[in-house]
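Chemist: The structure is given below, and queries will be raised subsequently.
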Amino acid sequence: MRSTSQRSFGKPEPQDPLFRPVYPGQAWPTYQPTYTPPPPLDWHQQQARAYTPAPPPKSGRLIGIAAIVALIVGLLAGAGAAATVVALDHSGTIDDQSGPPIGVADPKVRSGSVSSVAETLLPSVVQLKVEGADDSNATGSGFVIDGSGHILTNNHVVAAAATGGAIQVVTQKGKTATARLVGRSPAYDLAVVQVLGLDAPSVQFGKSELAVVGQDVVAIGSPLGLAGTVTSGIISAKNRPVTAGGEGEISYINALQTDAAINPGNSGGPLVDMNARVIGVNSAIATVRGAQEGTSGNIGLGFAIPIDQARRTVQQLIASGKASYPVIGANVDMQFEGGARVSEVTAGSPAQRAGLRTGDVITSINKQVVETAEALIVAIRTHQPGESVRLEFERAGKPREVTVTLGTQTG
């Protein structure tokens, strides 16, 4: 017998057997048979799935575990952020650096920061190792100034190799090459060496005359042989008369003074503004009286040759191997204070033609006060041969004034 729960497919349902006519001859009701389409081919599989029990709902225990996991992840993320802040505050090493948040600049190399300047300049700064013909040696720094492999440094760094010896250049990548001495100027304590095929970019130059007291600067070099050392500070003063140079060769510098740490070995390295442009050549440091030569270190008084002067000298050194500097043709008493007292006037010199005499005390040049002999020499060397300067001086206690056209000397 067919089950009443089983459907009939493809056949009309039978007429109702319980129909009873109300009066004789009443017609049987007409039923519109309903057509039931045949089942789909996977009907049995559908029935099986329909009777498959639904999976039980997630238990509260599983939900609790998921919540705990999410909480742990959240705490770890928070702890990581806190650790990053602490590490940055203490300048420590961060093992896991996932990068800055989206839309925020990388704080490790911020534009205009010391790290940004260092990243730009370090590939252009080299270490110099010099061996003299007399077995003397020296170490210093330098920086690449063009695409021909020319490197600017201090004269006192390479002076030992001027009459023989060797100059080795070590780049940031650790590559060592032999350099040739192109030219040097003891008067300005500048020198140029060259390495053909040097794999290092050249620096960008700024203008030292635009530097202002208090502006931030960065010094790069190889103090005490530690290559690639970066220090920072400010311009502490401008137009500071400083004497520098090696034994027997005294240079007079109208220097930029900085408190950026400079030590022996920094000589020849760049002093850089926060736009990564070179504004000076680190050359000298002040020492405490009584300190033995070679044992003194940074005391916050470093001095750099202004790059405006250095670039003029470099052009001459590359062109001819020598550089000229301006003179008035008179000697001054280096022990006298309260001006620059003339001790000798060279015959036929610009000083003689202008009427200067022995014993005159020069007190200013172009309205710039002159307090010592060094200050006068430094001020004169900021000019170029052929230029005219106005000197104020005293003779027998009476003030006088004269214009001098500067002569030239090589050195």
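Chemist: Using 0.36 nm per residue, how much length does the chain from Asn137 to Gln368 gain when fully extended, once their Cα-Cα distance is taken away?
Modeler: Going from the current span to full extension adds 79.2 nm.
Chemist: Where does each of His156, His383 land when they are ranked from fewest to most other beta-carbon atoms within 10 angstrom?
Modeler: Taking fewest neighbouring Cβ atoms as first place, the list is His383, His156.
Chemist: Using a 10 Å cut-off around each Cβ, can you sort Val242, Val157 from fewest to most neighbouring Cβ atoms?
Modeler: Val242, Val157
Chemist: What is the order of Ser324, Ser148, fewest Cβ neighbours within 10 Å to most?
Modeler: Exposure proxy ranking, most exposed first: Ser148, Ser324.
Chemist: Let me ask you something else. Tell me, what HN-Hα J-couplings in whole Hz come from the Karplus equation 6.51 cos²θ - 1.76 cosθ + 1.60 at θ = phi - 60° for each residue of the range 153-169, using x for Gly and Pro?
Modeler: 8, 8, 4, 5, 6, 9, 4, 4, 9, 5, 10, x, x, 8, 10, 9, 10
Chemist: May I pose another question? Rounded to the nearest 5, what % of DSSP beta bridges with both residues in the range 205-320 are antiparallel?
Modeler: Restricted to the range 205-320, the bridges split so that about 95 percent are antiparallel.
Chemist: Let me ask something else about it. Out of the trypsin sites (Lys or Arg not before Pro) in the range 147-211, which ones are loop residues according to DSSP with at most 14 other C-beta atoms within 10 Å?
Modeler: Lys173, Lys175, Lys207
Chemist: Rounded to the nearest 0.05, what FRET efficiency do Ile250 and Lys322 give with R0 = 25 Å and r taken as the Cβ-Cβ distance? Could you check? Mind dumping the intermediate values first?
Modeler: Numbers: r = 18 Å, r/R0 = 0.71.
Efficiency, from the Cβ-Cβ distance: 0.90.
Chemist: Using the Cβ atoms and a cut-off under 11 Å, what net charge is assigned to the surroundings of Ala373, where Lys and Arg are +1 and Asp and Glu are -1?
Modeler: Working: positive: Arg341; negative: Asp333, Glu337, Glu371, Glu374.
Here the charged neighbours net out to -3.
Chemist: Answer rounded, prolate or oblate for the range 324-410, using the Cα gyration tensor with square roots of eigenvalues a ≥ b ≥ c: rounded when a/c is under 1.5, else prolate when a/b is larger than b/c, else oblate.
Modeler: rounded
Chemist: Also, I was wondering about something else. Using per-residue counts of other Cβ atoms within 10 Å, averaged over each peptide, order 118-127, 208-217 from highest down.
Modeler: Descending mean neighbour count gives 118-127, 208-217.
Chemist: Let me ask something else about it. Please compute the length gained on full extension between Thr408 and His383, using 0.36 nm multiplied by the number of residues separating them and subtracting their Cα-Cα distance.
Modeler: 7.9 nm
Read-outs: derived from the displayed coordinates by stated rules, not from any lab. Keep in mind that this is a model prediction, so the values were computed, not measured. Glycine gets a Cβ as well: all are built from the backbone with ideal geometry, and neighbour counts include every protein chain shown.
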